[in-house]
1. Fewest first, what order do 120, 341, 87 take by the number of other Cβ atoms within 10 Å?
2. Might you report the magnitude of the Cβ-based charge dipole of region 2-130 about its Cα centre, with Lys and Arg at +1 and Asp and Glu at -1, to the nearest 20 debye?
3. Angle, helix 91-101 long axis vs. longest principal axis of the chain, Cα atoms, 0 to 90°, nearest 10?
4. Can you tell me the relative contact order of region 141-350? Whole percent, Cα pairs under 8 Å, sequence separation 6 or more.
5. Below 15 Å, Cα to Cα, which aspartates and glutamates can residue 202 reach? Residues fewer than 8 away in the same chain don't count.
6. Mind scanning 87/124; 204/271; 94/159; 34/192 and naming the pairs with a C-alpha gap bigger than 26 Å?
7. Take the eigenvalues of the Cα gyration tensor for region 90-241, scale each by 5, and report the square roots as semi-axes in whole Å, largest first.
8. Run the numbers on the chain and let me know its relative contact order in percent, using alpha-carbon pairs under 8 Å that are six or more apart.
Amino acid sequence: MIDFSINVHSINTPANDGVVVLTAGEDARVFCAKEYNLIDADILAFGADGRLQEAGGHLYTNPDGKLGSPQLTLRVPAHGFAAAFGKSAEAELKATHAFAMEGAMLYNATMTVDREVYGKFDGKTLCVSYEENIPVNPMAIRFLFLGNSCIYFNGVPLKFRALCRAAGLAVDVTYCTVGGAFLRQYLDPEHKCHQKMLDVLKAKKYDFAILQDANAATAEETENSVRGLLPYIQENGARLFLYARSAATAEPMRNREETARLWDSYYRAGKAFDAPVAPAVLAFARCMERYPELELYADDRSHHSAYGSYLVACCMVETYLRIDVRGLAYDAYFGADVASKLQEIAHEVCN
């Protein structure tokens, strides 16, 4: 059991190289990344019950969006708090952050975490505890996620695993993702994606491999890339699944055009290789029409939001495992009302 306490440098001030705690009262509080200097900070955000809900950090500070900032603010839950810390913070705190992230690739954002970590703050001291040794379930179904930020952003694999657990199914998730990557780059011996894929496939056997291409890839490019990657997947012993990603724009006209193009591309590939396709792109379109108040896109209007990642994960559970997600207890801290709407959309589109 890991259990430690550290002194906090300041409260509700801009983050520095030490440890700053940002607090919320009866209502959730939103902290602007620019105002609170979150560009150089790792972040751990705890809920009212003391459980860690979000982790990540290094939030962009440019509100004009020219750099494609995926997250400009940090939301601290009601009666909760967040610890923001820099390079000189205690090693125990850095280790907690790494434990919570589970090796997930994430840049300039926070995401919902799945590990049980608890924290308390008494106004001066931050206390953190968690069980470091997590038993491995040898019967867990092993999923490999291969693609880019449209998989790793906002923790899609972790939400997928948590939904499966809520349904009584144990799964193991592994990332093989690189920001902005095309599937064809995983086939290029000269590209870093290729060696990364070889290392991941060599490390262990998988039951299923989920593939997702870049937004700009054409239908022909995606099909050719899947064809080239299939022997690697089959040699490992995994079955191929496809994930029809959401359009990389929230602008209504372009979103409609991209949705149609992307679905056609993944539908064709699914037919060509007899692979189930999680229709997240169609779920986004239906949800935006029926529940416009649920923001599915992040601040850059390109990546998916926390809501969007939950919707993607629901589509994967419905498609790949044929599990009805409606009524599953895991709500990613959104509340049952929001979760049920997203579950409903996924179930309709996938069936």
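1. 87, 120, 341
2. For this selection, approximately 220 debye.
3. The two axes meet at around 30 degrees.
4. Once divided by the residue count of region 141-350, the mean separation gives 21 percent.
5. 235
6. Numbers: 87/124 20 Å; 204/271 28 Å; 94/159 23 Å; 34/192 33 Å.
From the list (87/124; 204/271; 94/159; 34/192), the Cα-Cα distance tops 26 Å for 204/271; 34/192.
7. 32, 18, 14
8. Working: 763 pairs, mean separation 49.1, N = 351.
Computed value for the chain: 14 percent relative contact order.
Since every read-out is calculated from the coordinates, none of them should be taken as a lab result. As the structure is a prediction and not an experimental result, all values here were calculated from the model. Don't worry about glycine lacking a Cβ; one is built from the backbone with ideal geometry, like all the others, and counts go over all protein chains shown.
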